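Okay, structure first, notes after.
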Amino acid sequence: MLKFSSPRRSAGLVAITAAVLLGVCGCQAPVNIEDADVPAWKDKVLPPASGVVLEDSGRILNRDPLVKETPNVQAGSYTLTMACDGGGKAYFAVSSGGSKVADAAAACNGNRDVVKIKVPGTGPLSISTSSVDAPLIFAYHLVPAAV
């Protein structure tokens with residue numbers, strides 16, 4: 001059994017041990033947003049999809065939303081697959097004909113998040129991507145939901 005000569009030494013050893021354990025854990029180093037190869041990262045984190053209605057990827061360097069639009073989307077059910085990396089979360093606001101249809105978020109840890117979306121009417125569709133945790137990289141695609 002270990003004996004410590006003082007409570008202060010004991011607390012110091014516990015703090016050092018905790019720091020070492022945190023340092024050697026399987027934690028992933030943060031992505032360097034400036035040097036990230038976004039297309040290669042997107043190919044790695046998003047599955048290939050057919051019938052893509054709308055897609056985008058890139059860097060969010062500040063809190064300004066990035067909006068991507070398409071002029072004519074059929075009413076129906078869709079799947080939005082999203083990913084981001086760099087820390088925090090990315091938010092995706094989906095609008096159809098100027099009305100908000102869905103809000104979704106992805107944790108920026110390189111994993112995919114998937115949500116089902118119902119588009120009520122045929123017409124223009126847009127997805128606004130933003131984050132309060134910039135800078136980060138993101139990617140998404142919207143496809144018709146499997147029946």
Which condition number in (1) more than 17 Å from the chain's Cα centre (by Cα); (2) among the basic types (K, R); (3) modelled with pLDDT of 85 or more is the one that R59 fails? (1)
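Results for (1) open to solvent by 20 Å² or more (accessible area, probe 1.4 Å); (2) within 17 Å of L61 (Cβ to Cβ); (3) in contact with a Ser or Thr (Cβ under 9 Å, 6 or more places away or on another chain); (4) of a type outside the set (D, E, K, R), shown as yes or no for each residue.
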{"position": "S99", "(1), (2), (3), (4)": "yes, no, no, yes"}
{"position": "A104", "(1), (2), (3), (4)": "no, no, no, yes"}
{"position": "K118", "(1), (2), (3), (4)": "yes, no, yes, no"}
{"position": "G121", "(1), (2), (3), (4)": "yes, no, yes, yes"}
{"position": "L125", "(1), (2), (3), (4)": "no, no, yes, yes"}
{"position": "D133", "(1), (2), (3), (4)": "yes, yes, no, no"}
{"position": "Y140", "(1), (2), (3), (4)": "no, no, yes, yes"}
Could you figure out which of (1) open to solvent by less than 90 Å² (accessible area, probe 1.4 Å); (2) farther than 15 Å from V132 by Cα; (3) in contact with a helix residue (DSSP H, G or I) (Cβ under 8 Å, 6 or more places away or on another chain) isn't true of V53? (3)
Based on this model, can you work out whether V114 counts as closer than 21 Å to P48 by Cβ, surrounded by fewer than 16 Cβ atoms within 10 Å (Cβ to Cβ) and of a type in the set (A, V, I, L, M)? yes
Do we have any residue at all in the range 80-94 that's modelled with pLDDT of 95 or more, surrounded by 15 or more Cβ atoms within 10 Å (Cβ to Cβ) and more than 16 Å from the chain's Cα centre (by Cα)? no
Going through the range 33-58 one residue at a time, which ones are within 22 Å of Q74 (Cβ to Cβ) and β-branched (V, I, T)? V52, V53
Tell me the residue from A75, A107, A83, A93 that is free of Cβ contacts under 8 Å to residues at least 24 places away in the same chain and of a type in the set (A, V, I, L, M), please. A107
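The values are calculated or read from the model by the stated rules, or taken from the named source; none is laboratory data. Note that the structure is predicted; figures quoted are calculated from it, not measured. Cβ: placed from backbone, ideal geometry, glycine included. Neighbour counts: every protein chain shown. Surface areas here come from the heavy atoms of the whole protein model, side chains and all, with no ligands, DNA or RNA. Shrake-Rupley method; radii C 1.70, N 1.55, O 1.52, S 1.80 Å.
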